[in-house]
């Protein structure tokens, strides 16, 4: 891998794929697609980065779990709030990838890195806002999530006040992931994220138990790992030797993309909260089964979302280099990868149903409800594979406004109504998960129609300012 400090950032350099830059010439669209990185070579490192945080959280949960139910509940409350803020601000990764990939595809690596600089300034600003909010509102927020004052809310508040100090670091890492994906360097983020996770993994059990810090030790370990990861991303950016001057126009453009992605994420989170509320009112067994299936859905989404990241990078490069046919070919490839992987995941879920379900619970009532949900979970995987992959295609093209509208519309028309009706009509989990499947199905139709046309190829540029 070429060192980022090698000085090849003056704008007239080979593209990250090794080919000469197209410079956006009109003839570029007549060329056959270039032999760039494959979908799988980009998706696999992206998957490692996506999976690192959930896997660390599983270990963190296991360590804290030995402190008792109060500490575990406090971690769930505080950690849930921190994770929710990161999910809402994830546009710092996805939006930056699209903008940086466009510039890199046009042969402007310096411009692509500059997008990373502006995203980092934005990450620091937003991170400080999140930090202040958590310091000021940690008590009310944890009490609301814990269902009122008590030992769990207090434990969550203590954890959040310390772990919240890492919010700017977490967001800087998101921005770093974004620009490095944009220039098709996905191996360095793997090293940076794994290095931070390893520090947290070592410190967490040591601080929680032998050092006697308890739940506070978990929060300190969390921040320590984030500090190392953010430091590595910042070092990579500094070695590029680009200007660090803030450019308000570029930041505003990133905020526009962020607004659309944030609205999209907020509506999805609201829909999931409504579904969880309906499941809770249906009964304890239904809520337990819903939680099991939903966490599996989120975990499997990580696998499928790796194709979306590959699609963003490849499509952004193709359109930045004025190669629309290459972008179309990428859309077809990632859709097929998503479909194939979704079919494999569905087959594994159904074949191993009898082995997997008992790993999560031994309660016969929960198992019975989980059996119902399992068919929905497996059946939606092929559809979700295509949807997530084509979401990445449209993000790479800068067509985020369309994605925002489609996601909100699918939630309002499909997911929310069926979830809300499942209570009074006694449909139970079958109704809720039918709504989730409809949500995925409506999005599938919408993204297929969009990608079949030409408007996404001419979406408002993710590069500007």
Run down 377, 336, 343 and say which single residue is surrounded by 21 or more Cβ atoms within 10 Å (Cβ to Cβ) and assigned to a helix (DSSP H, G or I). 377
Name the residues in the stretch 141-151 that are surrounded by fewer than 24 Cβ atoms within 10 Å (Cβ to Cβ) and in contact with a helix residue (DSSP H, G or I) (Cβ under 9 Å, 6 or more places away or on another chain), would you? 141, 143, 144, 145, 146, 147, 149, 150, 151
Among the residues of the stretch 123-131, is there at least one that is surrounded by 24 or more Cβ atoms within 10 Å (Cβ to Cβ) and in a helix (DSSP H, G or I)? yes
Taking interchain pairs and intrachain pairs at least six residues apart, which have beta carbon atoms under 8 angstrom, with the first residue in the stretch 47-73 and at pLDDT below 85 and the second outside any helix (DSSP H, G or I)? 66/209
From the list 273, 304, 314, which residue is within 27 Å of residue 377 (Cβ to Cβ), in a helix (DSSP H, G or I), touching a helix residue (DSSP H, G or I) at 6+ places or on another chain (Cβ under 6 Å) and assigned by TED's automatic domain parsing to the domain that holds residue 454? 304
Provide a single number: the residues in the stretch 355-367 that are assigned to a helix (DSSP H, G or I) and out of contact with any helix residue (DSSP H, G or I) (no Cβ under 7 Å at 6 or more places or on another chain). 5
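The values are calculated or read from the model by the stated rules, or taken from the named source; none is laboratory data. Predicted, not measured: the structure shown is a model, and the values here were computed from it. Cβ atoms come from the backbone with ideal geometry, glycine included; neighbour counts cover every protein chain shown.
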